[in-house]
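What follows is a short report on a single structure.
The values are calculated or read from the model by the stated rules, or taken from the named source; none is laboratory data. Note that the structure is a prediction, hence the values are computed from the model and not measured. As a convention, Cβ positions derive from the backbone with ideal geometry for all residues, glycine included, and neighbour counts pool all protein chains shown. With ligands, DNA and RNA removed, areas are computed over all heavy atoms of the protein, side chains included. Shrake-Rupley method; radii C 1.70, N 1.55, O 1.52, S 1.80 Å.
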Amino acid sequence: MQRRDRVFAIIERELWTLLRNRVVIAVGIGFFGVIVGLSGVSMGSPGGYVSLTYDLLLPVEVLIPTLAFAYVYRSIRGDDERGELDVIRTYDVSRLEYVTGVLIGRTAVLLVVVLTTLGVAGVVASQGATPPVEFFATHQAGDTPVVYIRFMVFAAIYTLVASSIALTVSAATRTNREAIAAGVGMLLTLAIGLDLAVVTLVSTNIIDAGSIAIFTGLSPASAFRGLVLEMAIQPALAINPSVATASPLASAISLLSWFGISTGITVVAAWPETR
């Protein structure tokens, strides 16, 4: 069997595993309900897609890592507990092939859920929309669907990174209890911990306030937020702030680094050379 065929076989296995899991389906429906429900509140509101992106930014920032953990944390951990990992190792499958297949399979389902939900949310919010009006009553908004499309692209990248981090948790832990504890810690760290650390460093003058735009991109969540604010929302507004809220370059490098490092750790931790 060729390497590509082995990876595809693992991808197919992961897809069917998720599609047969009722809990996973329920979590996806819950995510859909929350995001589309929030978009319904924004239906026809002033600012259009700019307002919608603002409204969904925080919920998406918090819920995507939660969704990724729910979809991914039982992947490698579950294979190990059921003894399937030992069986897989008897085949001509490398750790890289196994991790690649699991990551692609799980992330593919995640992306379908996230992008479908955001797409429906955009359609719902656009119903009854009026021509662009003044944004914040003082600045004219250049509201176009491009704003929301950029948001969806950044959300997809954020989903990929969150999925890779959740897969690292699955590979690096040895029991369900460890996986859940590490997962909760991961969610708190990504959503709150790293941002609080940056604020603390600035407040204690360890980091210069002028450099905060770079440091706020260190965590995946803040990097995602910075890209949305600077690359999606800001270009739609007829204002040029004197201080950037984030550095797009630093945010992009941060997301790429998180993905590369977490994937590398997962490949190493997927299974030891000897057991």
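Picking from 147, 161, which residue would you name as being under 29 Å from residue 76 (Cβ atoms), at pLDDT 85 or above and either among the basic types (Lys, Arg) or in contact with a helix residue (DSSP H, G or I) (Cβ under 8 Å, 6 or more places away or on another chain) (or both)? It would help to see each step written out before you state the result.
Values: 147 fails: under 29 Å from residue 76 (Cβ atoms).
After applying the criteria, what remains is 161.
Of all residues in segment 47-94, which are in a loop (DSSP other than H, G, I, E, B) and open to solvent by 10 Å² or more (accessible area, probe 1.4 Å)? Spell out how you get there, then give the answer.
First, pick out the residues of segment 47-94 that are in a loop (DSSP other than H, G, I, E, B): 47-48, 73-74, 82-83, 90-94.
Selection gives 48, 73, 74, 82, 83, 90, 91, 92, 93, 94.
Got at least one residue in segment 228-236 being modelled with pLDDT of 70 or more, of a type in the set (D, E, K, R) and open to solvent by less than 80 Å² (accessible area, probe 1.4 Å)? Among the residues of segment 228-236, at least one is modelled with pLDDT of 70 or more, of a type in the set (D, E, K, R) and open to solvent by less than 80 Å² (accessible area, probe 1.4 Å), which makes the answer yes.
Scanning segment 117-137 for residues that are at pLDDT 75 or above and not in a loop (DSSP other than H, G, I, E, B) gives 117, 118, 119, 120, 121, 122, 123, 124, 125, 126.
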